[in-house]
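Reading through the structure tokens given below for one structure.
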Amino acid sequence: MITPPRSRIQLNSHQILKIGGAHDALSAVMLERAGFRALWVSGFGISAAQFAMPDINLVSMTESVDATRRIAESVDVPVIVDADNGFGDGNNVARAVREFGLAGAAGVCIEDNTFPKRCSLYPGAPRELISIDEMCRKLQAARRAADPFGIFLIGRVESLIADLGIEDAVKRANAYGEAGADAVLVHAKQFAPIREIANSGRLGKPLIVVPTLYEDTPFDEMSACGIAGVILANQMLRAMVRACQPVAERMLTARSLSDLANDIVRVSDISGLVKVPAGWSPPEPSATRGASARHVNGTDSRTPGREAKRRKQVAV
Ligand code: SPV
Ligand code: MG
């Protein structure tokens, strides 16, 4: 039996909510520890980190649900799933939303790309959106499946990525809101059209953005025009690659492992992140530690159980 949550993700236009993009459970734990109050299960991140694959609908619904469950069970903050285009038509969307709900998701985002999708960050990829009517039918199916779980539903508009213009973006955003989305994510390559849409007052639902392609825009500027949420979708993944690639190369040339000490954390830092029982952490080697080797305490504050997970909320 499904227990409805007491509360859901709440966005408002007074303070922008930063939503941290996770690519696995460990990155989710680090984001939560840093203070993020909501997380994004990034399709781009899961494809890259867990499959070493491009973000073009190669990850199945089941694989995405499994990745979401591992993340949702690792943190206390609410988790919003990037459900891509919902894996098919309204029937597929309905099943996906239910499975994400059972996996502990507090929010689900569905986008209007055709299947198979092409990640919005691949500028040379062919791009096509489904019709507004078809997307609305998918969102209506998603709404029905989301309600028993109290899932926060996001309708994602790709008009600006597909060069269809501001009018198409506004029309789609408002249609998706009427079809049942609690908020709309309007993706874009630049901030200017987003600013124009946000300042126009024409959107019926809270606006969420992903500023990967306009990273110079200050968050204060987004907040000033009433944007309710900003997804920092892939920075943890990119930080991981930046840190790991040189270490991989240096491991082959190192005289001993102590040559790497300034570039890696201690084993006990990993133990802290994964909640190794107190007293079980391995002894540390005596090598000098770099400034980056920060001790992380191992207190377990996780709440067990999926029902408890569904009751999490973000109140901004
Ligand atoms: C993701 O993180 O998978 C997203 C955001 O959907 S983007 O990659 O910019 O499309
Ligand atoms: Mg995605």
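Only the coordinates and a few stated rules stand behind these numbers; no lab work does. Worth saying up front: this structure is predicted, and the values here are computed from it rather than measured. When we count neighbours, we look across all protein chains shown, and the Cβ atoms used for this are built from the backbone with ideal geometry, even at glycine.
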Item checked: Estimated distance in nm for a label pair at Lys189 and Asp147, the labels positioned 7 Å out from Cα along Cα-to-Cβ -> 4.0 nm
Note to self: I'd like the trypsin sites (Lys or Arg not before Pro) in the range 184-230 restricted to DSSP loop residues with at most 16 other Cβ atoms within 10 Å, sorted by number.
What the structure shows: Lys189, Arg202
Checklist line | Distance between modelled label sites at Glu196 and His14, nm, 7 Å Cα→Cβ extension | finding: 3.2 nm
Next item on the list: Please give, to one decimal in nm, the separation of the simple spin-label points placed at Asp263 and Asp220, each 7 Å out from Cα toward the Cβ.
Entry: 3.7 nm
Note to self: Going by Cα centres, the range 127-153 and the range 154-169 are how many Å apart?
What the structure shows: 16 Å
Next item on the list: May I ask for the distance between the Cα centers of the range 173-219 and the range 46-95, given as a whole number of Å?
Entry: 22 Å
Notebook entry, point to check: From the residues Gly165, Ala261, Gln190, which one has its Cα farthest along the dipole of the chain in the positive direction, the dipole being from +1 and -1 charges on Cβ of Lys/Arg and Asp/Glu about the Cα centre?
Noted result: Ala261
Checklist line | Among Val77, Val65, Val276: highest mean-square fluctuation, GNM of the chain, C-alpha pairs under 10 Å | finding: Val276
Next item on the list: Working from Cα positions, state the angle (0 to 90°, nearest 10) between the long axis of helix 90-102 and the longest principal axis of the chain.
Entry: 40 degrees
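What value does the chain have for Rg/Rh, both radii from Cα atoms and Rh as Kirkwood defines it?
Numbers: Rg = 20.4 Å, Rh = 20.4 Å.
Rg/Rh: 1.00.
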Note to self: Among Met236, Val276, Thr217, which residue has its Cα furthest toward the positive end of the charge dipole of the chain, with +1 on Lys/Arg Cβ and -1 on Asp/Glu Cβ?
What the structure shows: Val276
Checklist line | Highest-fluctuation residue, Cys225, Cys244, Cys136 considered, GNM on the chain with Cα pairs under 10 Å | finding: Cys244
Check: Roughly how tilted is helix 235-253, in degrees to the nearest 10 and between 0 and 90, from the longest Cα axis of the chain?
Finding: 30 degrees
Checklist line | Calculated P(r) of the range 137-197 - Cα pairs past 16 Å, % | finding: 43 percent
Next item on the list: Please determine, in degrees from 0 to 90 and to the nearest 10, the orientation of helix 61-72 with respect to the longest principal axis defined by the Cα atoms of the chain, where the helix direction is its Cα long axis.
Entry: 60 degrees
Notebook entry, point to check: Summing -39500 (n - 2.57) over the DSSP H runs of n ≥ 4 in the chain and dividing by its residue number, what mean residue ellipticity at 222 nm do you reach, to the nearest 500 deg cm²/dmol?
Noted result: -11500 deg cm²/dmol
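With +1 assigned to the C-beta of every Lys and Arg and -1 to the C-beta of every Asp and Glu, and no other charges, what is the dipole magnitude of the range 17-234 about the Cα centre in debye, to the nearest 20? Present the calculation step by step, with values, prior to reporting the outcome.
Details: 21 positive and 28 negative charges, 63 e Å.
Here the size comes out at about 300 debye.
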Check: Which of Gly43, Gly177, Gly201 moves the most in a Gaussian network model of the chain with Cα springs under 10 Å?
Finding: Gly201
